[in-house]
Amino acid sequence: MKDTLKHSGMRNKLAEVLIEKGISDKKILDAIRLIPRHFFMDSSFEGHAYQDKAFPIAAGQTISQPYTVAFQSELLQVKPGQKILEIGTGSGYQTAVLLLLRAQVYSIERQLELFKKTKLFFKKMGYRPKKMIFGDGYKGMPEEAPFDSIVVTAGAPETPKALLGQLKVGGRLVIPVGDEDQIMTLYVRTSATEFEKKEFGNFRFVPLLEDKN
Ligand code: SAH
């Protein structure tokens, strides 16, 4: 696959669609304009890569809808150099957005096939997350905690306590909570023992499953 002017034209249009839907962070929109999303997908979907839709990737998983990626990224309020944990590497598209925002990204994936595929793809593309592991995101990454932010990119039946515990004071956890539909939820750690919780509308994700596969 190649990245052409036609692709970048489609990315500019996608950014306009996201602006209409309410995304306003310039750095996030720039990342959408730059990242060749068609490289993160199966070549049979190339023609659809710049629609604002989720698509199937390997292992029965999906690459998140661009609007969802942009929305979650906005809630994180990423600042350069911040340490961010992502649960659900998947295609790596959300990871790439965070890298373009100059975060230090740690990412966990529970599907071995996807983990291997995306790790190799990142090497080829020159994307450099700090650490990628094959593991269970319910447990977070205690050996690297605490994090400035944590983003969960699969639907969690409930909020894993381990993730709240791995936030710095002032840190943010962005997580879609629910079974069939999920409510996008933001937790801000306000002290060692307190969290502020806010909810932001309904989304639909593949489920956050326990253990490795
Ligand atoms: N950020 C990804 C979203 C992929 S879909 C992208 O934009 O492509 C969600 C991903 O979460 C899937 O790859 C799924 O395998 C993974 N996942 C589900 N449960 C998990 C868990 N407990 N730990 C880590 N990853 C998990």
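The values are calculated or read from the model by the stated rules, or taken from the named source; none is laboratory data. These numbers come from a predicted model, not from an experiment. Positions of Cβ are generated from backbone atoms using ideal geometry, with glycine treated the same way; all protein chains shown enter the neighbour counts. The area values use the complete protein model at the heavy-atom level, side chains included, leaving out ligands, DNA and RNA. Shrake-Rupley method; radii C 1.70, N 1.55, O 1.52, S 1.80 Å.
Give the angle, between 0 and 90 degrees and rounded to the nearest 10, that separates the Cα long axis of helix 112-125 from the longest principal axis of the Cα atoms of the chain.
Roughly 60 degrees, rounded to the nearest 10.
Pop out the ³J(HN,Hα) list for region 185-197 in order, Karplus 6.51 cos²θ - 1.76 cosθ + 1.60 with θ = phi - 60°, rounded to Hz; leave Gly and Pro as x.
3J(HN,Hα) across region 185-197, in whole Hz: 10, 10, 10, 10, 7, 9, 7, 4, 10, 10, 9, 9, 10.
Once label points are set 7 Å from the Cα along Cα→Cβ at both E158 and K131, what is their separation, rounded to one decimal in nm?
Reported label-point gap for E158 and K131 is 2.8 nm.
In whole Hz, what ³J(HN,Hα) sequence does region 9-25 give by Karplus (6.51, -1.76, 1.60; θ = phi - 60°), x for Gly and Pro?
Calculated HN-Hα couplings, in order: x, 5, 5, 4, 5, 4, 4, 5, 4, 5, 4, 4, 7, x, 6, 10, 5 Hz.
Could you please put E74, E16 in sequence from largest to smallest accessible area, using a 1.4 Å probe? Intermediate results must be reported in sequence, preceding the final value.
Numbers: E74 45, E16 95 Å².
Putting E74, E16 in descending order of accessible area: E16, E74.
Once you sort the root eigenvalues of the Cα gyration tensor of region 1-97 as a ≥ b ≥ c, which label holds: rounded (a/c under 1.5), prolate (a/b larger than b/c) or oblate (the other case)? Mind showing how you got there, number by number?
Values: a/c = 1.69, a/b = 1.17, b/c = 1.44.
Oblate is the answer for region 1-97, as a/c is 1.5 or above yet b/c matches or exceeds a/b.
Taking a spot 7 Å from the Cα of S44 along the direction of its beta carbon, which residues of region 92-117 have an amide N less than 18 Å from it?
Taking a point 7 Å out along Cα→Cβ of S44, the residues of region 92-117 whose backbone N falls under 18 Å are 114.
So, counting K/R as plus one and D/E as minus one, what does the shell of residues with Cβ under 10 Å around A59 add up to?
Local charge sum for A59: 0.
Report relative contact order for the chain in percent, whole number only (criteria: Cα-Cα under 8 Å, sequence separation at least 6).
Relative contact order here is 15 percent.
Name the residues whose placed amide hydrogens come within less than 5 Å of the amide hydrogen of I150, ignoring near sequence neighbours (fewer than 5 apart) on the same chain.
Result for I150 returns L85, R172, L173, V174.
Please check which bits of region 157-189 a label hung off E143 would reach, taking the label as a point 7 Å along Cα-to-C-beta and the cut-off as backbone N under 18 Å.
Under 18 Å, as judged by backbone N against the label point of E143, lie 163, 166 of region 157-189.
Per residue of region 70-83, in order, report the coupling 6.51 cos²θ - 1.76 cosθ + 1.60 (Karplus, θ = phi - 60°) as ³J(HN,Hα) in whole Hz, putting x for Gly and Pro.
Ordered by residue, 3J(HN,Hα) equals 5, 5, 5, 5, 4, 5, 6, 6, 5, 10, x, x, 5, 9 Hz.
Under the rule of at least 5 residues apart or a separate chain, name every residue whose amide H is placed under 5 Å from the amide H of F195.
Correct list: T190.
Using a probe of 1.4 angstrom, how much of the accessible area of the chain is carbon and sulfur, in percent? If you can, show how the numbers build up before the last one.
On the way: 5370 of 10310 Å².
Roughly 52 percent of what the probe reaches on the chain is carbon or sulfur.
In Å, the Kirkwood hydrodynamic radius of the chain over pairs of distinct alpha carbons?
17.1 Å
Taking the full set of protein chains and a 1.4 angstrom probe, give the accessible area of L5 in square angstrom, rounded to the nearest 10.
150 Å²
Which of the residue pairs K79/K130; K79/K168; K26/K197 have a Cα-Cα distance greater than 19 Å in the structure shown?
Listed pairs above 19 Å: K26/K197.
Taking the solvent-accessible surface of protein heavy atoms with a 1.4 Å probe, what is the per residue accessible area of the chain in Å²?
Accessible area per residue: 48 Å².
Rounded to the nearest 500, what is the 222 nm mean residue ellipticity of the chain from helices alone, with -39500 (n - 2.57) per DSSP H run of 4+ residues and division by all residues?
Theoretical 222 nm ellipticity from helices: -9000 deg cm²/dmol.
Hey, which lysines would be in cross-link range of K131, C-alpha to C-alpha under 16 Å, not counting anything within fewer than 8 residues on its own chain?
K83, K116, K117, K119, K123, K139
Considering all alpha-carbon pairs of region 58-148, what whole percent are spaced by more than 16 angstrom?
51 percent
Take the Cβ-Cβ distance between K124 and E16 as r, set R0 to 41 Å, and report the resulting FRET efficiency rounded to the nearest 0.05. Present the calculation step by step, with values, prior to reporting the outcome.
Numbers: r = 30 Å, r/R0 = 0.72.
Using R0 = 41 Å, I get an efficiency of 0.90.
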